[in-house]
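To keep things clear, I will list the structure first and then write my remarks on it.
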């Protein structure tokens, strides 16, 4: 799978999880907590493959450098919001408004990547290079998911 298809697939998965949180009732705190945990795991792995493989490859190209640097900053904002949400009980009145601000920032970031960064990437890299990046990203993704599972086992 090429790099852009892999990233788009991740985006779609997280969007679906976010929708499930927003469609849940205020009393479904356990469900929200579980979904939020899954979102955090998915984004942790996604950010890692972007920041360790995808962004560094793109940042070398002047046409994409500014967008890549902006993406790093947006990751920081999303991470800060995830940390903030993690400190609020899912049953607290502030949880869902904070989650919605997170969603808005996340959606902005994904839209900007899909509408601006991905087309720019297609103009910079050949389909072979995108396949190569995708293979490296898929390998790291698998390793990162395994590491998260191991960490969870150790914490249990």
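The values are calculated or read from the model by the stated rules, or taken from the named source; none is laboratory data. Bear in mind the structure is a predicted one, so any value in this text is a computation, not a measurement. Every residue, glycine among them, receives a Cβ derived from its backbone with ideal geometry; neighbour counts consider all protein chains shown.
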Selection count, segment 73-94, where residues are in a helix (DSSP H, G or I) and in contact with a helix residue (DSSP H, G or I) (Cβ under 7 Å, 6 or more places away or on another chain): 8
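Do we have residue 2 as surrounded by fewer than 15 Cβ atoms within 10 Å (Cβ to Cβ), at pLDDT 95 or above and under 20 Å from residue 141 (Cα atoms) here? Spell out how you get there, then give the answer.
On the way: surrounded by fewer than 15 Cβ atoms within 10 Å (Cβ to Cβ): no; at pLDDT 95 or above: yes; under 20 Å from residue 141 (Cα atoms): yes.
For residue 2, the condition - surrounded by fewer than 15 Cβ atoms within 10 Å (Cβ to Cβ), at pLDDT 95 or above and under 20 Å from residue 141 (Cα atoms) - is not met.
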Odd one out for residue 30 among (1) more than 18 Å from residue 121 (Cα to Cα); (2) buried (at least 19 other Cβ atoms within 10 Å of the Cβ): (2)
Only one of 106, 117, 140 that is within 21 Å of residue 31 (Cα to Cα) and either surrounded by 11 or more Cβ atoms within 10 Å (Cβ to Cβ) or at pLDDT 95 or above (or both): 106
Breaking point among (1) out of contact with any helix residue (DSSP H, G or I) (no Cβ under 8 Å at 6 or more places or on another chain); (2) over 21 Å from residue 52 (Cβ atoms); (3) part of a helix (DSSP H, G or I), for residue 135: (2)
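Out of curiosity, is residue 120 out of contact with any strand residue (DSSP E or B) (no Cβ under 6 Å at 6 or more places or on another chain), in contact (Cβ under 8 Å) with a residue 12 or more places away in the chain and over 18 Å from residue 46 (Cβ atoms)?
Yes, satisfied.
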Matching residues in segment 82-107 - criterion: being more than 13 Å from the chain's Cα centre (by Cα) and touching a residue at least 12 places away in the same chain (Cβ under 8 Å): 84, 85, 86, 89, 90, 91, 95, 96, 98, 99, 100, 101
Checklist (1) touching a residue at least 40 places away in the same chain (Cβ under 8 Å); (2) surrounded by fewer than 14 Cβ atoms within 10 Å (Cβ to Cβ); (3) farther than 17 Å from residue 8 by Cβ applied to residue 127, failing item: (3)
